[in-house]
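Everything below concerns the one structure shown next.
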Amino acid sequence: MRSFLITIDTEGDNSWSKRPSVETRNASFIPRFQSLCEKFGLKPTYLVNYEMANDHGFVEFGRDLIARGAGEIGMHLHAWNSPPIDPLTSNDSWYQPFLIEYPEDEIRKKVEFHTRFLEDVFGVKMLSHRSGRWALNAFYADVLRDLGFRVDCSVTPHVDWRPTKGDPDGAGGTDYRGFPEQHYWMSERNIALRGGSSLLEIPMTIMNRSPALLTRATQACEGISDLPDRARRRIWPLDWLRPSGSNLTSMLRILDVAIAQDRPYVEFMTHSSELMPGGSPYFPTIESVEKLYRDLNELFSQVAKHFCGSTLIEFHDRELLSGAQLHRHDQIRPH
């Protein structure tokens, strides 16, 4: 059975506004989303950052979620406001530097602190992870493995985040062009390659509307790194399984393609703050959030016909079991 994976970047209100102070009012809007998921037998993975793990309401929600087996709590890390705090730029709350821009010893300290903090708060081992602002490199992946993480879902296939800045003097985000679209056991030497490590990468579901157009455009524009983001989006037409308020048709099309191609999973994502009016630029009003829920109801009703709801670690465990069964089959196969 195909898996429908729901991942929620669970973080403070409207991080797009880049305010120096962070509120977590969106925590009170999450139970409505959870109820909708349970209505259709879906099991979200909430990837939680520092401020949300300090919100008493969300902590109570998360502990209940775990106790009922209704979802999973994983880790999400915003480097600029996750302890230990050691400013990287002149204004970290504005520039929101990527974790991979920090010195390696600071990367390790931040990941270790946040992992242990979440484990203490929720009383479970942290096994799944998504990086803040989609930024990942080999050292970061090594740290995750060292701490016992089993799943990462930071990869966004086809997307080059280098034009998106953190540190204004830095090189930008991670270039995921050429990374696999489907899940893979990550190589310890190269995060873009399949390998034999213990970390399963589950890339975000992002599809080309026109693969042939993408190939031609990539060849024509190869080497142009300063192309504006808006122009890039026109040249490389991508559909994300992520609600924008006006893309229900494209999300339903992704389901159709996944079914036709017999993909083992699709991965949906949103931010917890997008479930609250005014919590993001995309859903600024009560009416826009109500429209979001109408879209989600239609999307999830179609999902329930063809997919089973799984958390990230449930999908990981099935893949691990499938691989072990295949290995045993190969061992007993007659020669």
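Worth pointing out:
- Helices (runs of 4 or more DSSP H) within the stretch 216-335 that include 3 or more residues modelled with pLDDT under 95: 229-235, 312-332
- Close pairs (8 angstrom Cβ cut-off, 6 or more residues apart or separate chains): closer than 21 Å to V266 by Cα in the stretch 24-43, surrounded by 15 or more Cβ atoms within 10 Å (Cβ to Cβ) and charged (D, E, K, R) anywhere: C37/K43; K43/E72; K43/E314
- Among residues of the stretch 265-289 that are more than 15 Å from N26 (Cβ to Cβ), those with a beta-carbon under 8 Å from a residue that is among the β-branched types (V, I, T) and in a loop (DSSP other than H, G, I, E, B) at least six positions away or on a different chain give the pairs Y265/I202; Y265/T205; V266/T205; E267/I202; E267/T205; F268/T205.
- Scanning the stretch 166-197 for residues that are within 20 Å of L144 (Cβ to Cβ), assigned to a loop (DSSP other than H, G, I, E, B), touching a Ser or Thr at 6+ places or on another chain (Cβ under 7 Å) and not charged (D, E, K, R) yields a total of 6.
- Scanning the stretch 117-132 for residues that are out of contact with any strand residue (DSSP E or B) (no Cβ under 8 Å at 6 or more places or on another chain), touching a residue at least 60 places away in the same chain (Cβ under 8 Å) and part of a loop (DSSP other than H, G, I, E, B) turns up just one, G123.
- Of the residues in the stretch 27-34, none is at pLDDT 95 or above and within 16 Å of the chain's Cα centre (by Cα).
- Of the listed requirements (1) within 15 Å of the chain's Cα centre (by Cα); (2) assigned to a loop (DSSP other than H, G, I, E, B), A141 misses just one: (2).
The values are calculated or read from the model by the stated rules, or taken from the named source; none is laboratory data. None of the values given here were measured: they were computed from a predicted structure. Quick reminder, even Gly has a Cβ in these numbers, built from the backbone with ideal geometry, and neighbours come from all protein chains shown.
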